[in-house]
Each structure stands twice: as C-alpha cells, then as structure tokens.
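To start, the structure under review is shown below, and the notes come after it.
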Ligand code: NAD
C-alpha cells in the first residue's frame with residue numbers, strides 16, 4: 001500500500017535489523033544471536049538505541065495520522081489476512097528460524113508455533129470486523145428520549161514486549177488484535193529470539209502494511225529497548241508477556257504516564273489427579289503438560305498432586321514417560337525435546353535441580369545434563385526430571401523453574417488437593433483429571449487461576465479469556481477480551 005515499502009528486505013544470516021517507519025534500520029550496535037543446541041552464533045542483531053525507539057514512536061504516530069489511520073475495518077482485516085498468507089507462504093523459513101533460535105523440535109515449531117502465528121492474524125482480523133457496539137435508548141424528562149451508542153477507537157501507539165518461549169506465537173497473540181483494531185505497534189521480541197520477528201517485519205513489508213503501523217525494535221530489557229519503550233511518554237499502552245518480576249519493573253516504569261497495561265506473567269501450575277481419573281490419559285496428559293517445549297511454556301505443570309491410592313503407580317508411570325522422551329537434534333522428526341533456550345537459563349534450571357537436592361527431594365528420574373559425545377555437549381540441554389518428597393513450603397514448590405521438572409505429592413481428600421493447589425503466589429492455569437462429572441464441576445471453579453483444564457491440557461480456543469490471577473498477570477486477552485483491551489470505547493449521546 002505504501003510507496004515507501006519498496007525497499008529490498010534483509011535476510012537472516014547477516015545482521016537482523018530493526019524495522020522503523022517502513023525501513024530496515026541498523027543501529028550499528030550489535031549483539032550475538034546464539035543457537036542453544038551447540039552454542040554457535042547464528043547471526044548478529046542490531047540493538048535499538050533510545051533515538052531509534054524515539055523514531056519508532058514518531059513513525060507510529062505518523063501512521064495513525066496517515067494512511068493506516070484512514071483504513072476501514074474491512075481494509076485492515078484484508079491486510080491482516082495478507083500477513084497470515086505471507087507467514088504461510090514462507091512457512092519453512094519461519095520454522096527454520098524458530099528452531100535455530102530456540103532449539104525447539106521440528107514437530108513443535110511446525111505444528112504449534114508457526115501455524116498459531118498465522119492463525120492469530122486470521123482470528124483477530126475476523127473478530128475485529130464482526131464486532132458490534134453497545135446502544136441504549138435513554139428516557140428523558142421531555143419524553144423524547146436520547147440515544148446512547150458506543151464507538152471503539154484504537155488506544156494509539158502500543159508497545160508489545162514478548163518472551164522467548166513461544167516467540168512468534170506470543171508476539172502475534174498481541175500484535176494481531178492490536179493491529180486489527182487499528183493501533184500502531186512497536187514490537188520488541190526477546191533478545192534470545194529475534195529471528196521470526198524480523199521475518200514478520202519482512203512479511204508486513206511485503207503485504208503492504210503502511211509504513212509506521214508495524215515497527216520492530218531489537219534489544220534487551222533494562223537500559224535497552226524494553227525499558228525505553230515502557231518509559232516512553234509517546235506510548236499509550238504496554239502489553240507484556242514474561243516473568244512476574246519484569247512485569248513489576250514495567251509497571252513502575254509505565255506509572256508516570258499512566259499507560260494501559262496488559263500482563264501475562266509467570267506460573268507455578270498445579271495438576272490434580274483423582275483416583276477416579278482415566279489413568280492412562282492422566283499420565284499421558286501430565287507428561288505433556290510437564291515436558292512440552294522442555295517445560296518452557298507458562299502453562300506447564302510444575303506441581304502434581306495425586307490421590308494416595310494411585311500415587312506409587314502414577315509416579316512409576318510418569319517416570320516411564322519421562323525416560324522415553326527423545327532428547328535429540330531439533331530437526332529430527334522424532335525428537336520430543338531440544339535444549340533449553342540458553343546457557344543462562346540452563347544454569348538457572350540446574351540451580352533448582354541442585355536446590356531440590358539440598359531441600360531433601362527424592363529424584364525419581366533426571367536431575368542432570370544429558371551427554372551426547374558431540375557438539376550438543378556445548379548446548380543448553382538438561383534432563384527431564386521428576387522429584388518427590390518435598391514439603392509444600394520448599395522453594396522448589398513455591399518458585400517457577402520454567403524447565404522440564406515436576407514435583408509429585410500425594411493427597412487424601414478433595415479439599416486437601418484444592419488447598420494445596422491454591423497455596424501459591426501464582427495463579428495462571430490448573431489441570432484436573434477425574435471421570436466424576438460432579439467433582440469436575442465442583443473442583444474446577446475452586447481453582448484460584450485464570451484457566452482450568454479438565455481431562456486435557458493446552459486445548460486452546462482463541463476466543464476464550466486467557467490470563468492469570470495473583471502474580472500471574474493483569475487483565476485477560478483472547479477473543480473479545482483482546483479487542484476490548486486494545487480499544488478505547490467512546491460513548492456518544494444524542495438527544496432525540
Ligand atoms: P522476561 O521477563 O525475562 O523477558 C520478557 C521480555 O521482557 C523480553 O523481551 C525482555 O527483553 C523484556 N524485558 C526484560 N526486562 C525488562 C524491563 N526491565 N523492561 C522492559 N522489558 C524488559 O521473560 P522470559 O524469560 O523471556 O520468559 C519467560 C517468562 O515468561 C516465564 O516467567 C513465563 O512463565 C512467562 N510467560 C508467561 C506467559 C503467559 O501467558 N502468562 C506466556 C509465556 C511466558
């Protein structure tokens with residue numbers, strides 16, 4: 001659409017650039033993007049300076065006042081579908097870039113991460129177009145009545161700050177609704193996963209998204225692009241997914257300008273397995289909820305509570321599943337688990353394995369680093385790990401590890417299981433396994449979380465409310481909730 005969108009785009013392998021006002025920009029200040037499989041450097045990344053972030057804000061405001069701000073709902077919807085088409089047209093490149101940055105398996109990147117990146121644009125393009133407003137007829141003293149109706153306006157310039165665990169999926173989960181309702185966005189992917197966001201900038205460019213409607217800045221958090229965005233007086237809202245501590249820092253930085261905030265934060269999710277559960281389904285589902293993506297999904301289970309009569313049998317069955325996981329090269333179609341995201345995160349997860357030993361845990365399986373005898377020994381791998389025997393007060397029960405580890409504890413009564421599951425500062429997701437329908441309906445609403453799955457895990461419908469309570473977040477996204485956060489409703493009252 002924009003004439004300025006004719007510039008040739010850069011490709012992966014050299015320096016991943018920022019994308020500001022429809023142009024790819026190199027700050028000249030670079031950091032390394034490292035492959036966690038073997039510690040090798042994939043490419044360099046151009047770190048956005050404060051003045052580049054300022055430029056992105058100026059470009060975003062100009063887009064709102066210009067071509068982007070003039071588009072009809074239908075035209076924006078068509079463009080968002082074109083972006084989804086663009087992701088699908090370059091599917092293999094996106095999959096390869098996501099795998100290189102994260103080490104996640106081919107299966108996961110090509111069945112979950114990249115398809116959901118495209119789906120996020122399609123779903124919100126359709127929902128935004130179909131949205132209706134409120135309308136009330138109001139009685140007046142003269143009997144003539146008044147008509148009140150609401151219109152939805154975009155918030156303005158929205159900063160999207162994303163984590164590394166599901167890079168394209170989580171970035172687009174916020175970008176798509178924000179853009180579908182007409183905001184101009186500045187995206188900041190994690191410093192550990194800059195590649196698919198850069199490919200997305202190329203797709204936006206190729207799709208003809210008007211200059212300044214989508215901007216990309218690379219960098220870190222403190223004293224870098226993340227902090228520059230959260231403090232910036234020209235930004236109207238910050239939507240963030242990441243650690244609870246980072247959410248707190250962003251909240252402080254955003255306070256002076258009273259920005260709108262949406263936070264999807266950490267978790268310490270519980271699974272409750274009752275003795276009336278379908279045993280095989282509960283074991284398979286729990287293995288998935290603990291070990292998917294190396295435990296690096298905010299919704300992953302780290303605390304498992306099992307009714308005492310099936311406790312020993314369940315621990316043995318989950319051990320068998322953990323030991324059967326294939327930890328291998330990401331591109332191998334049969335690989336279940338790759339490395340963790342980085343050596344830094346590997347050290348964090350291993351420090352919790354060590355802490356569990358010091359706190360007196362029994363290791364059912366794992367607890368160390370796998371050995372390959374090849375260059376993967378320089379990678380960020382850890383073993384899938386199951387522990388038991390810790391008191392509920394232990395730090396390993398209270399703190400988010402964000403790795404392939406769970407603690408399993410027995411319980412006797414339903415009330416005890418509910419109390420143990422809820423005894424957490426976090427409140428993102430819970431999983432309940434039972435074939436008793438009344439119990440399912442009784443227990444699920446008692447969970448102090450934003451999401452409960454019964455007899456399944458990570459079954460997502462993008463129209464449903466998504467988010468957490470307590471330290472796990474503020475607000476809800478998903479479907480109408482996303483459209484609502486990214487819009488400013490305005491009431492118009494007409495006296496008839
Ligand atoms: P993180 O908080 O370290 O970083 C997330 C993003 O914030 C990165 O882009 C980073 O550069 C940026 N950042 C860091 N410090 C900042 C600061 N002071 N100001 C502004 N930006 C800053 O999180 P992570 O390690 O990338 O991701 C893992 C965490 O994310 C886990 O806690 C996990 O539970 C959480 N998570 C939550 C959800 C959810 O939906 N609730 C989803 C995925 C991940």
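Side notes on the structure shown:
- Residue in segment 456-479 that is out of contact with any strand residue (DSSP E or B) (no Cβ under 7 Å at 6 or more places or on another chain), within 16 Å of the ligand (Cβ to nearest atom) and in a helix (DSSP H, G or I) present: yes
- Put simply, of 384, 370, 410, 391 the only residue that is more than 14 Å from the ligand (Cβ to nearest atom), over 27 Å from the mean Cα position of the chain (by Cα) and crowded, with 17+ Cβ neighbours inside 10 Å is 410.
- Leading residue by the ranking (surrounded by the fewest Cβ atoms within 10 Å (Cβ to Cβ)) among those in segment 157-174 that are more than 6 Å from the ligand (Cβ to nearest atom) and more than 13 Å from residue 485 (Cβ to Cβ): 169
- Residue selected from segment 267-276 under the condition under 22 Å from residue 308 (Cβ atoms) and either in a loop (DSSP other than H, G, I, E, B) or touching a helix residue (DSSP H, G or I) at 6+ places or on another chain (Cβ under 7 Å) (or both), by the criterion nearest to the ligand (Cβ to nearest atom): 270
- Among all residues of segment 290-299, there is none that is more than 16 Å from the ligand (Cβ to nearest atom) and in contact (Cβ under 8 Å) with a residue 60 or more places away in the chain.
- Assessment of segment 49-63 against the conditions (touching a residue at least 12 places away in the same chain (Cβ under 8 Å), under 19 Å from residue 167 (Cα atoms) and outside any loop (DSSP other than H, G, I, E, B)) yields no matching residue.
- Qualifying residue in segment 107-119 (condition: more than 14 Å from residue 168 (Cα to Cα) and under 21 Å from the mean Cα position of the chain (by Cα)): yes
- Within segment 204-226, the only residue that satisfies the criterion of being within 16 Å of the ligand (Cβ to nearest atom), out of contact with any strand residue (DSSP E or B) (no Cβ under 7 Å at 6 or more places or on another chain) and either closer than 21 Å to residue 21 by Cβ or at pLDDT below 95 (or both) is 224.
- Residue match in segment 250-266 (condition: within 12 Å of the ligand (Cβ to nearest atom), under 30 Å from residue 389 (Cα atoms) and either at pLDDT below 95 or touching a strand residue (DSSP E or B) at 6+ places or on another chain (Cβ under 9 Å) (or both)): yes
- Tally, over segment 120-141, of residues that are over 13 Å from residue 487 (Cβ atoms) and either out of contact with any strand residue (DSSP E or B) (no Cβ under 9 Å at 6 or more places or on another chain) or in a helix (DSSP H, G or I) (or both): 9
- Residue within segment 327-340 that is within 16 Å of the ligand (Cβ to nearest atom) and in contact with a helix residue (DSSP H, G or I) (Cβ under 6 Å, 6 or more places away or on another chain) present: yes
- Residue match in segment 205-219 (condition: surrounded by fewer than 24 Cβ atoms within 10 Å (Cβ to Cβ) and free of Cβ contacts under 8 Å to residues at least 40 places away in the same chain): no
- Number of residues in segment 450-464 that are farther than 12 Å from residue 300 by Cα and under 14 Å from the mean Cα position of the chain (by Cα) equals 2.
- Among residues of segment 227-244 being near the ligand (Cβ under 7 Å from one of its atoms) and within 16 Å of the chain's Cα centre (by Cα), the one that is surrounded by the fewest Cβ atoms within 10 Å (Cβ to Cβ) is 243.
- Condition check for residue 444: within 16 Å of the ligand (Cβ to nearest atom), farther than 17 Å from residue 296 by Cβ and either under 24 Å from the mean Cα position of the chain (by Cα) or outside any loop (DSSP other than H, G, I, E, B) (or both): no
- Just one of the listed residues (468, 475) is touching a residue at least 60 places away in the same chain (Cβ under 8 Å) and surrounded by 20 or more Cβ atoms within 10 Å (Cβ to Cβ), and it is 468.
- Residue match in segment 180-195 (condition: within 15 Å of residue 20 (Cβ to Cβ), near the ligand (Cβ under 7 Å from one of its atoms), in contact (Cβ under 8 Å) with a residue 24 or more places away in the chain and touching a strand residue (DSSP E or B) at 6+ places or on another chain (Cβ under 6 Å)): yes
- So residue 390, is it in contact with a helix residue (DSSP H, G or I) (Cβ under 7 Å, 6 or more places away or on another chain), in contact (Cβ under 8 Å) with a residue 40 or more places away in the chain and part of a loop (DSSP other than H, G, I, E, B): no
- Which listed residue, of 381, 363, is touching a strand residue (DSSP E or B) at 6+ places or on another chain (Cβ under 9 Å) and under 18 Å from residue 304 (Cα atoms): 363
- Qualifying position, being closer than 25 Å to residue 478 by Cβ, more than 14 Å from the ligand (Cβ to nearest atom), surrounded by fewer than 23 Cβ atoms within 10 Å (Cβ to Cβ) and in contact (Cβ under 8 Å) with a residue 12 or more places away in the chain, among 147, 127: 127
The values are calculated or read from the model by the stated rules, or taken from the named source; none is laboratory data. Treat the numbers as computed from the prediction; the structure is a model and nothing was measured. Because the Cβ atoms are built from the backbone with ideal geometry, glycine has one as well, and the counts that use them run over all protein chains shown.
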